[in-house]
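Report on one structure; see the data block that follows.
The values are calculated or read from the model by the stated rules, or taken from the named source; none is laboratory data. In this text, all values refer to a predicted model and were calculated from it rather than measured experimentally. Cβ coordinates were reconstructed from backbone atoms using ideal geometry, including for glycine residues, and neighbour counts include every protein chain displayed.
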Amino acid sequence: MAYIDNVRDLELLILLAKYGSFTDAALEAGVSQPSVSQAIKRLEKKTGIHLVHRQRFGAEGGARLSAAGLAVAEQAGRALTEINALPRIISESLTTRVRNIGLPPIISSLLSIGGGVAWTDDSSGLSFHAVGSQKLLGEIEEHKVDYGAVASIDESLSVSGVEMTKLASYPFGMACTEGMVERLGTQGMTSLRPEDLIKLPQDIPFVTLNRDFVHSRASERLMRLSEPVSHLIEVSDVETLKMITTSGLVCSLITSAGIRKSDGLRFIPFTGGNMPRFNVFLFNDTSRPAYEEDRQEVRNFSSFALERLTKAS
């Protein structure tokens, strides 16, 4: 059983120590002066200690705490501060901390993330940013995401306050239906060079992903030297690109990482010196407050991603 039955009595003692007046303490607490007096009497009876020296004269109900009273008031103040912090502490313990995970659509597909996450038991606090790598790079530079994976045609990435580790690399190439392969006369080809594009029928448009994705940078390097810009269609997501390509009316410029057997498309990679590649990097923002707290979770993610990417390559 608690030594002090009524916390409110302690609060009134603290107010009395602060104001030195029963009347002022009562006004601050929103109670009557006799209520303050009764609270002090209860505390003195419970503790067996004389806490307050009452002044017999004066209209303000003056009072001065004894040495014991001051010690009790000081200790009670510290205890009440901790008690008043309980709602915040409880709220923080019940609130799930959110980790912002950057995973572009193609990389997410490579990792087969959809039915759950295999690298942490605390998946309720994960928020996924499913945007193209080019757009995600901007968010990484602005420190809006905590960790994840991102792609670039650059062989290395450097962002202040962010760890970057290259995990895998995939070629870009031309994807089309078997019917389109026959129309282009590329049935026996196992690879393409950029200069081969100009030999293809000029009425065949190409489709690729827009500037939210690294494909736009790859297309500048691979296609615009040999194909009119008007022949290049840009779309905003991978599924639309595949849908247009499977219609048999266009070819697409895409990384092999974005093509699956179930898509029913033939992929012919670009080869040769200085060809851009779809390089996948693990990133981890070391400047965020929870960096140390998430260190093991990021290690687990790295191992998980490396295993999945190795199987996919």
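This table checks each residue for (1) out of contact with any strand residue (DSSP E or B) (no Cβ under 6 Å at 6 or more places or on another chain); (2) buried (at least 20 other Cβ atoms within 10 Å of the Cβ).
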residue	(1), (2)
SER216	yes, no
ILE233	no, no
GLY258	yes, yes
PRO269	no, no
GLY272	yes, no
MET275	yes, no
PHE281	no, yes
SER287	yes, no
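Is it the case that ALA151 is in contact (Cβ under 8 Å) with a residue 24 or more places away in the chain and more than 20 Å from the chain's Cα centre (by Cα)? Walk me through how you get there before you give the answer.
Working: in contact (Cβ under 8 Å) with a residue 24 or more places away in the chain: yes; more than 20 Å from the chain's Cα centre (by Cα): no.
Judged against the criteria, ALA151 is not a match.
I need a count of the residues in the stretch 22-40 that are touching a strand residue (DSSP E or B) at 6+ places or on another chain (Cβ under 8 Å) and at positive phi.
The qualifying residues number 0.
Just to be sure before I move on: is ILE89 among the β-branched types (Val, Ile, Thr), at pLDDT below 80 and surrounded by 11 or more Cβ atoms within 10 Å (Cβ to Cβ) in the structure I sent? It would help to see each step written out before you state the result.
Numbers: among the β-branched types (Val, Ile, Thr): yes; at pLDDT below 80: yes; surrounded by 11 or more Cβ atoms within 10 Å (Cβ to Cβ): no.
No; evaluated as a whole, the condition is false for this residue.
Determine which single condition ARG295 fails, assuming it passes every other condition in (1) touching a residue at least 24 places away in the same chain (Cβ under 8 Å); (2) out of contact with any Phe, Trp or Tyr (no Cβ under 8 Å at 6 or more places or on another chain); (3) of a type in the set (Lys, Arg).
(1)
When LEU241 is evaluated against the numbered criteria (1) among the aliphatic types (A, V, I, L, M); (2) assigned to a helix (DSSP H, G or I); (3) more than 18 Å from VAL181 (Cβ to Cβ), which criterion, by number, is the only one it fails?
That leaves (3) as the condition not met.
Listed residues ALA73, ALA2; which is outside the structural domain of ILE83 (by TED's automatic domain parsing) and either acidic (Asp, Glu) or modelled with pLDDT under 90 (or both)? Walk me through it before giving the result.
Values: ALA73 fails: outside the structural domain of ILE83 (by TED's automatic domain parsing).
Exactly one of ALA73, ALA2 is outside the structural domain of ILE83 (by TED's automatic domain parsing) and either acidic (Asp, Glu) or modelled with pLDDT under 90 (or both), namely ALA2.
Please state which one of THR255, THR245, THR208 is closer than 21 Å to PRO104 by Cα and either touching a His at 6+ places or on another chain (Cβ under 6 Å) or modelled with pLDDT under 85 (or both).
Values: THR255 fails: either touching a His at 6+ places or on another chain (Cβ under 6 Å) or modelled with pLDDT under 85 (or both); THR245 fails: either touching a His at 6+ places or on another chain (Cβ under 6 Å) or modelled with pLDDT under 85 (or both).
Step by step, each of THR255, THR245, THR208 is checked, and only THR208 is closer than 21 Å to PRO104 by Cα and either touching a His at 6+ places or on another chain (Cβ under 6 Å) or modelled with pLDDT under 85 (or both).
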